[in-house]
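A.B. asks: Before we start, here is the structure in question, set down as structure tokens.
The values are calculated or read from the model by the stated rules, or taken from the named source; none is laboratory data. All values derive from a computational prediction rather than experimental measurement. Cβ: placed from backbone, ideal geometry, glycine included. Neighbour counts: every protein chain shown. In case anyone asks, the SASA skips ligands and DNA or RNA and just uses the protein heavy atoms, side chains included. Shrake-Rupley method; radii C 1.70, N 1.55, O 1.52, S 1.80 Å.
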Amino acid sequence: MNIQKAISSLLNPSKLGAHVACAVAHDAPCEGDGPRTALLHVRFNEDEPQIDALAEFLWGQCMYYALPRKRRLEYTAAIEKDFTLIARVHQAVRDVFITFNATSPSRASELGEVLAYCVVQHHLSAAQVAAKMALKNLR
């Protein structure tokens, strides 16, 4: 089995570029001795940052971030038989975040983690090997 092919099959669709623009790419030539950096920002419509659109996008990406691949594949197969299952999938993702927040209110960084997940998927083409929220809930 080709490990690179197996890992790339774990990539999820992330159209982050529709909501976050990259002013300076991480692979742009670097002058001097400093580290390579990237500059990302929320897209604008005229002079208004599209924060609500980004928030809605990130909520959708939670489906990929929070659910383990095996569970997502099971849901996908089940949805073929019963479309109403989508509501239960949505609830399962919501419950993962709510349960985690209720037990650890001082650690409310999930939104930033979902954004980081999307940046890694979109800009670095790096797959998430394990669903972090699922791992957090095992503790």
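A.B. asks: Inside the range 46-88, can you point out the residues that are among the hydrophobic types (A, V, I, L, M, F, W, C) and in contact with a strand residue (DSSP E or B) (Cβ under 8 Å, 6 or more places away or on another chain)?
C.D. replies: Scanning the range 46-88 gives 51, 54.
A.B. asks: Moving on to the next point. Could you go through the range 88-109 and let me know if any residue there is open to solvent by 70 Å² or more (accessible area, probe 1.4 Å), at negative phi, of a type in the set (D, E, K, R) and modelled with pLDDT of 85 or more.
C.D. replies: Taking every residue of the range 88-109 in turn, at least one turns out to be open to solvent by 70 Å² or more (accessible area, probe 1.4 Å), at negative phi, of a type in the set (D, E, K, R) and modelled with pLDDT of 85 or more.
A.B. asks: Follow-up. Residues being in a strand (DSSP E or B), surrounded by 10 or more Cβ atoms within 10 Å (Cβ to Cβ) and modelled with pLDDT of 75 or more: count how many of those fall in the range 1-47.
C.D. replies: Matching residues across the range 1-47 total 8.
A.B. asks: Follow-up question, since we're still on this one. So in the range 55-81, with the set limited to residues that are aliphatic (A, V, I, L, M), assigned to a helix (DSSP H, G or I) and in contact (Cβ under 8 Å) with a residue 60 or more places away in the chain, which one is surrounded by the most Cβ atoms within 10 Å (Cβ to Cβ)?
C.D. replies: Among those that are aliphatic (A, V, I, L, M), assigned to a helix (DSSP H, G or I) and in contact (Cβ under 8 Å) with a residue 60 or more places away in the chain, it is 66.
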